[in-house]
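The values are calculated or read from the model by the stated rules, or taken from the named source; none is laboratory data. Please read these numbers as outputs of a predicted model, since none were measured by experiment. Here the Cβ positions follow ideal geometry from the backbone for every residue, glycine too, while neighbour counts run over all protein chains shown. Heavy atoms of the whole protein, side chains included, go into the accessibility calculation; ligands, DNA and RNA do not. Shrake-Rupley method; radii C 1.70, N 1.55, O 1.52, S 1.80 Å.
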Amino acid sequence: MFGWAFTRGISWLIDRARRINSRLILALDVCRRSGVSPRDVRVAVENLLDGLRDYVVGVKIGLPTILSLGMDSIREILECYRDYYFIADLKIADVGHIVRTLCSYADYMGFDAVIVHAVIGRCGGLDEAVNEVHSRGGAVFSVCAMSHRGAEEVLNRNFSTLVKLSMDAGVDGFILPATMPEYITRARRIIGGSKIILSPGVIAQGASIGSAIKYGADFEIIGRGIYAASNPIEKAREYSQKLKWYSG
Ligand code: XMP
């Protein structure tokens with residue numbers, strides 16, 4: 001039924017990062033709220049994508065935007081902006097058949113990669129995501145730690161186990177918080193250089209630009225620091241200058 005997207009692997013992401021010399025990924029969470037219609041959201045998304053292609057390597061689109069616009073609208077947008085690498089931030093945490101269905105929806109919308117919670121475990125969880133997405137040519141990123149305080153109650157206490165089982169499942173990379181860089185260092189110790197680390201939490205949540213890269217991340221993810229700025233294009237240009245792929 002579905003399946004035209006998911007054709008560009010991690011190597012495409014890296015090639016694009018080299019081409020535009022940037023390690024910047026945009027978190028797109030613009031959404032409907034009182035006085036903001038789906039049409040307004042779509043125009044805002046398209047304006048950002050029109051203006052940021054020289055600075056932003058990939059775009060992580062979250063549930064607020066996906067649910068505000070709907071799958072078909074997202075599919076139309078992603079089809080028009082194929083020069084970006086697109087990551088579906090579905091933060092999937094469910095049983096196997098639902099995991100597979102959500103991954104196929106990400107494929108339908110045109111995404112290149114999907115974010116899944118490692119806490120669901122391998123058997124009937126991560127394995128399903130990796131098999132479904134890899135069979136379609138896409139990539140899986142797993143969440144093994146988060147930055148909000150409650151994450152320390154359960155999720156982050158199991159960090160090493162979550163990283164190891166994600167590796168065993170064959171994920172392509174990890175989402176780790178820039179505000180807690182010790183998790184980036186610890187992950188690198190376990191995974192070596194073979195996997196990609198994307199790090200959110202920069203600017204709006206307080207991590208400084210470039211700090212996650214210093215600790216071993218490959219890309220920094222910035223949302224409100226760009227899309228909520230009075231001049232998003234100028235901000236993205238400024239941040240990408242500090243997040244060059246080629247240092248020096
Ligand atoms: P802002 O606007 O704060 O957006 O730049 C950050 C984006 O990243 C996500 N986020 C996280 N995801 N672990 C995650 O897996 C985290 O610790 C974390 N912190 C932020 C958030 O959903 C938003 O899209």
Exercise. So what are region 18-129's ellipsoid semi-axes, whole angstrom, largest first, if each one is the square root of 5 times an eigenvalue of the alpha-carbon gyration tensor?
Worked result: 25, 18, 12
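Compute the Cα gyration tensor for region 39-105, then decide on rounded, prolate or oblate, letting a ≥ b ≥ c be the square roots of its eigenvalues: rounded whenever a/c is under 1.5, prolate when a/b is larger than b/c in the other cases, and oblate in all that remain. Mind dumping the intermediate values first?
Values: a/c = 2.36, a/b = 1.74, b/c = 1.36.
Judged from the Cα gyration tensor, region 39-105 comes out prolate (a/c at least 1.5, a/b above b/c).
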Problem set entry | Point-charge dipole on Cβ atoms (K/R +1, D/E -1) for region 10-242, about Cα centre, debye to 20 | 560 debye
For this session: Return the sequence-ordered ³J(HN,Hα) values of region 59-65 in whole Hz as given by the Karplus equation 6.51 cos²θ - 1.76 cosθ + 1.60 applied to θ = phi - 60°, using x for Gly and Pro.
Result: 10, 8, 9, x, 4, x, 6
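Over the chain, what is the relative contact order in whole percent, taking alpha-carbon pairs under 8 Å and six or more residues apart? If you can, show how the numbers build up before the last one.
Values: 474 pairs, mean separation 53.2, N = 248.
Answer for the chain is 21 percent.
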Exercise. Projected onto the charge dipole of region 10-242 (+1 at Lys/Arg Cβ, -1 at Asp/Glu Cβ, origin at the Cα centre), which of 96, 209, 129 gives the Cα projection farthest towards the positive end?
Worked result: 209
For this session: Report the residues of region 108-136 in range of a label on residue 93: point 7 Å along Cα→C-beta, backbone N strictly under 13 Å from it.
Result: 116-121
For this session: Please list 109, 146 in order of solvent-accessible area, largest first, computed with a 1.4 Å probe with all protein chains present.
Result: 146, 109
Problem set entry | Gap separating the Cα centres of region 48-83 and region 84-147, nearest whole Å | 18 Å
Exercise. Using the Cα gyration tensor of the chain, with a ≥ b ≥ c the square roots of its eigenvalues, what is the shape: rounded (a/c below 1.5), prolate (a/b larger than b/c) or oblate (neither)?
Worked result: rounded
Seminar exercise, completed: Burial-style ranking of 148-161, 111-124, 12-25, 91-104, average other-beta-carbon count within 10 Å with highest first, yields 111-124, 12-25, 91-104, 148-161
Problem set entry | Computed accessible area, residue 46, all protein chains, 1.4 angstrom probe, square angstrom | 40 Å²
Problem set entry | Chain lengthening between residue 76 and residue 157 when straightened (0.36 nm per residue, less Cα-Cα) | 25.1 nm
For this session: With a cut-off of 20 Å, note down the residues of region 19-38 whose backbone N falls inside the zone around a label point 7 Å from the Cα of residue 246 toward its beta carbon.
Result: 19-25
